[in-house]
Amino acid sequence: MEQTLEFKSISQWGIDLPAGPLVIAGPCSAETEKQVRETAHQVAQQGIKIFRAGIWKPRTRPNTFEGVGVRGLPWLKKVKEDTGMLVATEVANQKHAYEALKHGVDILWIGARTTANPFAVQEIATAISGADVPVLIKNPVNPEVDLWIGAIERFYEVGFRKLGAIHRGFSTYEKTSYRNIPLWQAPIELGRRLKGLPILVDPSHICGHRELRRVSQKALDLNYDGLIIETHHDPDHALSDAMQQITPAALSTLLSSLKFREVKTSNLEFRHTLETLRHQIDELDDELLDVLQKRMSIVETIGKYKKDNNVTILQPDRWDEIIMQMNKKGTDRNLSEKFIELLFTAIHQESINKQNTIMNNGESFAK
Ligand code: PEP
Ligand code: MN
């Protein structure tokens, strides 16, 4: 049983923000003073109130751009003076955290690679305890909700109450259409266990490309508190994460295409629960399709193998055995015999069609 932690909601952070979900925007990295200034001015014109820019960049491989470091901090200060926006940056050790605070950075975030390292998290939390700044904690690179919660607790324990989480997806060995798969169950579980914790979603790092609409809309449908979106005045020439950064104009198009939930609804709790459950079903349906796709590709391999060895496609004994076993397993899982039979007959039929195609050299005779 989790102890109950009392988090401040974003509206209690003492920041003047428009109603509705919070949007943080700005480049992956601060690169030059000019790039920061131009991006910030354009972003501010879209009504954004919090500007992000990475000063220290933990990169996967050495000899890539690792951020401009301390000399970029005055650029952020200038952004504050010129645009009135607040500024946020990532800190990965206590030196970063001291420097950021010394230069007036308003909001700190802990990156995914740092969240996965409890010593680093503790070092930062202890070093800056007493600082009254919001700290946003990205999920660890691996889908371990306890590690994410642990990092949040380390800040809570030294007195931080303006805390938030950022869901930025999880790395995976499998090739998917995401850079970091969202595994929405994880932030849902986080929200269930740490009630009242503001949660933002980072569609840029989830997607890894510029088509952010679907993931952003999903975040809003799941009632999360905001979005953090990598925005660059010239994304094609960005020094990090060029593929996923969008222009301030594209940010504006994106934001106006999103359907924002009306805040006042008599039955928000009900709608939230329903949507959470529906999204869980959507995720499972996607998994079902992935599993079916994998099954069919094995079926095709077998088809080729049978062809090379001159074996017929239909092997009734094997099929009878599958149906019998599935019926037994289905019963154990509370699935009716009728359903199992329908489901596996359809799967079997599709498998035969696939193998037929292979036997006939790519020409399908399937009805
Ligand atoms: C970033 O926000 O630019 C970043 C490095 O993100 P993450 O820690 O999620 O990889
Ligand atoms: Mn980035």
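Points to keep in mind about this one:
- Whole-Å distance, taken between Cα centres, linking the range 78-136 and the range 299-354: 56 Å
- Loop-located trypsin sites (Lys or Arg not before Pro) in the range 107-183, at most 11 other Cβ atoms within 10 Å (DSSP): Lys175
- The antiparallel fraction among DSSP beta bridges confined to the chain stands at about 5%.
- Compared with the direct C-alpha span, the chain from Gln46 to Thr176 gains 43.6 nm at full extension, assuming 0.36 nm per residue.
- Each eigenvalue of the Cα gyration tensor of the range 268-359, multiplied by 5 and square-rooted, gives one semi-axis; in descending order these are 34, 18, 8 Å.
- In degrees, nearest ten, helix 316-332 long axis to first principal axis of the chain (Cα): 50 degrees
- Pairs beyond 23 Å (Cα-Cα), from Lys294/Lys329; Lys34/Lys95; Lys57/Lys77; Lys34/Lys77: Lys34/Lys95
- Ignoring lysines fewer than eight residues from Lys218 along the same chain, the ones with Cα atoms less than 21 angstrom from its Cα are Lys138, Lys195, Lys259, Lys264.
- Evaluated with a Cβ-only charge set (Lys, Arg +1; Asp, Glu -1), the range 10-257 carries a dipole of roughly 100 debye about its Cα centre, given to the nearest 20.
- Per-residue ellipticity at 222 nm from helix content only, as computed over the chain with -39500 (n - 2.57) for each DSSP H run of at least four residues, stands at -15000 deg cm²/dmol.
- Sparsely packed loop sites in the range 136-230 (the chymotrypsin sites (Phe, Trp or Tyr not before Pro) outside DSSP H, G, I, E and B with at most 12 other Cβ atoms within 10 Å) comprise Tyr173.
- Backbone HN-Hα couplings from phi across the range 188-194 [Karplus 6.51/-1.76/1.60, Hz, Gly and Pro as x]: 5, 5, 4, x, 5, 7, 10
- Loop trypsin sites (Lys or Arg not before Pro), the range 206-260, which have at most 15 other Cβ atoms in a 10 Å radius of their Cβ (DSSP): Lys259
- Percent of beta bridges antiparallel (DSSP, the range 130-222, rounded to nearest 5): 10 percent
- Taken about its Cα centre, the range 70-172 carries a charge dipole of about 300 debye when Lys and Arg each add +1 at the Cβ and Asp and Glu each add -1 at the Cβ.
- Top positive-direction residue, dipole computed over the range 141-282 with Cβ charges, set Ala242, Ser216, Ser177: Ser216
- When the P(r) is computed for the chain, the part past 38 Å accounts for 31% of the Cα-Cα pairs.
- Working from label points 7 Å from Cα in the Cα-to-Cβ sense, the Glu275 to Glu300 distance is 3.8 nm.
- Taking a straight Cα-Cα cut-off under 18 Å and skipping sequence neighbours fewer than 8 places away in the same chain, the aspartates and glutamates within cross-link reach of Lys304 are Glu350, Glu363.
- DSSP loop GluC sites (Glu not before Pro) with at most 11 other Cβ within 10 Å: longest gap in the chain: 7-173
- Couplings for the range 336-341, taken from phi via the Karplus curve 6.51 cos²θ - 1.76 cosθ + 1.60 with θ = phi - 60°, read 6, 4, 4, 5, 4, 5 Hz in order; Gly and Pro are left as x.
Bear in mind that the values in this text are calculations on the coordinates, not laboratory data. Because the structure is a prediction, the values reported are computed rather than measured. Here Cβ is always computed from backbone atoms with ideal geometry, including for glycine, and neighbour counts include all displayed protein chains.
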